[in-house]
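Please read the structure below before turning to the comments.
The values are calculated or read from the model by the stated rules, or taken from the named source; none is laboratory data. What you see is a predicted model, and the numbers here were worked out from it, not measured in a lab. Don't worry about glycine lacking a Cβ; one is built from the backbone with ideal geometry, like all the others, and counts go over all protein chains shown. Keep in mind that these areas ignore ligands, DNA and RNA; they rest on the heavy atoms of the full protein, side chains included. Shrake-Rupley method; radii C 1.70, N 1.55, O 1.52, S 1.80 Å.
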Amino acid sequence: MLYRLRNADFTVRVFEAGDGVGGTWYWNRYPGARCDVESMEYSYSFSEELQQEWEWTERYATQPEILRYLNHVADRFDLRPDIQLQTPVVCADYDEGSALWTVGLGDGSTVTARFVIMATGCLSQARVPSFPGLEAYRGRTYHTGDWPADGVDVSGLRVGIIGTGSSGVQVIPLVAQEAAATVVFQRTPNFTMPARNAPLTVEKIAAIKADYAKLREQARWSGNGTLRVNYDEPAATAPPELIQQRYEAGWAFGGNDIVGSFNDLTTEQMSNDTLAGFLRGKIRQIVRDSQTSQTLTAQDYPVGAKRMCLGTDYYETFNRENVRLVDLRGEPIKDFTPQGIRTSAAEYPLEAVIFATGFDAMTGAILRVDIHGRGGRSLRDDWAGGPHTYLGLASAGFPNLFFITGPGSPSVLSNVVVSIEQHVEWIGEHIEYLRKRDLASTEPEVEAQEQWVAHVNDTAARTLMMKAASWYLGANVPGKPRVFMPYLGGVGNYRRICDEVTAADYRGFATG
Ligand code: NAP
C-alpha cells in the first residue's frame, strides 16, 4: 500500500508496533511455523522483477524464509524511510470540519491524515484464554502468535500445549522432538492434511516463472486465490470408486487441494461426510493407541467448517512415547496450579505451557484502536453486534477509513496475498479518483453497506460453514457476536463486484 500510494505521489507514513516489518510472519516465530499456501503463489505479483528475482526454496515456505522475503521487499523498494517501527496506534478521530483524521500514537504524539488505512491483519491479536490460577503458575508461558525472537529451548522440559488449530499442529511435532514430555490439551479435533512439503526443484521454479503472468491472473479470478484444481461435479452422484480415487490422490498430493475434489463438499453434508470419513480412516491407520485415535477422530463438524490444517508428522507424533493427548471434552481444564494444569480428572505438572489458542480474528486488531468517526461515533459501538462494512473495505460513518482484507471480504478464505494486492489496487485507485475530482471524503452509504452485510451472511448460510464453532464466526472469543465474518463468494467473483463498483463511479459510496 505504501509503495502504491507513494508511486501516485501521496505522502504516506506507516506505523508498526513491532520492531521489524513482516506482520504475522514477524510475530509467529514458533518452531514449525510455515505457510499453508504454496510459496510460488503466496508472494507478491505487483513487480515482475521481484517475482523473477526471488528464489523460494520449498513448496511451503517457513516463517524465517517469508520474513526474509518481506524484509527484502522493504529494502528493494526502499520502503523503510516511511515506516515508523515500535509505534503502536492507539486511537483515530475524524474531524468533520476539516475532513481529517487525527491518529494517536503509543508515545502520546499525534499525526493528522486525510486517509487512514488499517493494514492490521486478520490474525494479529493473539489471545490467551483466562484460565483460573494462570497468574499463579510458576512455569514459563508462551503464545505461538507472540513468540520470543531469540527462540525457546524446551529440551528436557515437560511442556503443555493448549490448542490444536493450525499453529498447534505445526508446533506440536517439533516440541515433541525436544521436550522430555509433551502433553497436548485438545478441545476440538481438527482435520489435518499432510503438507508433503519438499524442496522446490529448479525445473518447477523455472516453469512457474516462465508462465507467471498467466498463473497470477488465473489465481486472481479463482475461488480461493490459488491454482488449486476444483472439479466441477458433485460427490453426491459420483461413484464410490471415483470418490476414493480422488481422495487418495488428494492425500498423496498433500496440502488442502483435496477439498476441490468435488463441487459440493462445502455445501452438502452427505458429500462432506464422505471426505470426513476418508480422513478419519487415514488418522486411524496412523495412530496406534485406540483411545488417542478416537480422540483425534471425534470431529463433530464438517470438514473445512473450521480451517483445515496442514501438518508434517502431526498424527505420527501421537505415537511417540513422550507425547500424551488429553481430551478436554472428557476432562475440561479446571485451573492452573503453581506447578501445572489441573483438569477435572488429573493434575499435569508442566515446566512450560504453550498457548496455541489463536486470535481475536478479523476485528480484534481493528477494534484495538479506538476509532471515532462522524459525530464522534465509535467503531467499537457500531460493531458491537458484528462488523458492518461495504465490501469489507470501509464502514459507514467513518469517512476516508479503509480496511485491507477487512471483515466482509474474502481475506482469510483466500490466498491472502492475492486479496491484499486487490485491496491495495482498489483503495489506491479510489483515493486517486477523489484527488482528481478534488473530493475531500468518501464513505459507504448505509443501504449499500447493509445489503452487502446481508449478502455476506446469505452466502455463508448456503454452506456448511455455520456448523462449526469457528473463529470465522467469532466463536473462539467468549462474548464475541457470532457473525460469519469473511466473504465466501470467492476472490474472482468478489473482484468482479469491486470492479463493477469502480466502473459505476463508486456506486454505494457517498463522496463529497
Ligand atoms: P485457532 O485455529 O483458533 O486454534 C486455537 C486452538 O486453541 C483450537 O484448537 C481451540 O479449540 C483451542 N482453544 C482456544 N481456547 C481454548 C480454551 N479456552 N481451552 C482449550 N482450548 C482452547 O488458532 P491458530 O491455530 O493460531 O490458527 C488461527 C489461524 O491462523 C488458522 O486457522 C490459519 O488461518 C492461520 N494460521 C495459518 C498457519 C499456516 O499457514 N499454516 C499457521 C498458523 C495459523 P476449539 O477449536 O475448541 O476452539
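Quick notes on this structure:
- Helical contribution to [θ] at 222 nm, DSSP H n ≥ 4, -39,500 (n - 2.57), averaged over the chain, rounded to 500: -9500 deg cm²/dmol
- The magnitude of the dipole of the stretch 18-125, with charges of +1 and -1 set on the Cβ of Lys/Arg and Asp/Glu and taken from the Cα centre, is near 280 debye.
- Each Lys or Arg adds one and each Asp or Glu subtracts one; over the other residues with Cβ under 15 Å from the Cβ of Asn197, this totals -4.
- Solvent-accessible area, 1.4 Å probe, carbon plus sulfur percent, for the stretch 1-52: 47
- Loop sites here are GluC sites (Glu not before Pro) outside DSSP states H, G, I, E and B with no more than 15 other Cβ atoms within 10 Å. The longest part of the chain free of them is 97-320.
- The tail of the calculated P(r) for the chain beyond 36 Å holds 33 percent of all Cα-Cα pairs.
- Within the accessible area of the stretch 71-180 (1.4 Å probe), percent carbon and sulfur: 49
- Close amide H partners of Arg34, meaning residues 5 or more places away or on another chain with modelled amide H under 5 Å apart, are Gln63.
- Convex hull (Cα only) mean projected area of the stretch 268-415, reported in nm² to one decimal: 13.2
- Set Lys209/Lys282; Lys204/Lys282; Lys214/Lys282 screened for pairs whose C-alpha atoms are more than 32 Å apart: Lys209/Lys282; Lys214/Lys282
- Membrane-span-like helices in the chain, defined here as complete DSSP H runs extending at least 24 Å along the helix axis by their C-alpha atoms with mean Kyte-Doolittle hydropathy no lower than -0.5, are 269-286, 416-436; this is a sequence and geometry rule, not a statement about a membrane.
- The alpha carbon centroids of the stretch 148-210 and the stretch 437-464 are separated by 38 Å.
- Summing charges over all other residues whose Cβ lies under 14 Å from the Cβ of Gln291, with Lys and Arg as +1 and Asp and Glu as -1, gives +1.
- Amide H contacts of Phe403 (H built 1.01 Å from N, under 5 Å, at least 5 apart or other chain): Met118, Ala394
- Taking a straight Cα-Cα cut-off under 19 Å and skipping sequence neighbours fewer than 8 places away in the same chain, the lysines within cross-link reach of Lys467 are Lys306, Lys480.
- Here the chain is treated with +1 on each Lys and Arg Cβ and -1 on each Asp and Glu Cβ, and its dipole about the Cα centre works out to around 940 debye.
- Under 5 Å, built H, 5+ apart or other chain: amide partners of Cys91: Gly104, Asp370
- Computed 3J(HN,Hα) for the stretch 140-146, one whole-Hz value per residue from the Karplus formula 6.51 cos²θ - 1.76 cosθ + 1.60 where θ = phi - 60°, is 8, 10, 9, 10, 4, x, 8, glycine and proline marked x.
- DSSP bridge orientation in the chain - percent antiparallel, rounded to nearest 5: 45
- Using the Cβ of Gln422 as centre and a radius below 14 Å, the other residues enclosed give a net charge of -1, where K and R count +1 and D and E count -1.
- Taking all protein chains into account, the per residue accessible area for the stretch 283-359 stands at 45 Å² (1.4 Å probe).
- Solvent-accessible area per residue, Å², over the stretch 426-512 with all protein chains present [probe radius 1.4 Å]: 46
- The alpha carbon radius of gyration of the stretch 1-126, expressed as a multiple of 2.2 N^0.38 Å, is 1.19.
- The stretch 292-341 versus the stretch 366-389: alpha-carbon centroid distance in Å: 36
- Kirkwood hydrodynamic radius (C-alpha pairs) into Stokes-Einstein, the stretch 150-302, 20 °C and 1.002 mPa s, D in µm²/s: 118
- Unit charges at the beta carbon, dipole of the chain: most positive-side option, Pro64, Ala33, Ile208: Ala33
- Carbon/sulfur fraction of accessible area - the stretch 395-512, other protein chains in place, 1.4 Å, %: 52
- Dipole moment magnitude, nearest 20 debye, the stretch 400-512 about Cα centre, only Lys, Arg, Asp, Glu C-beta charged: 500
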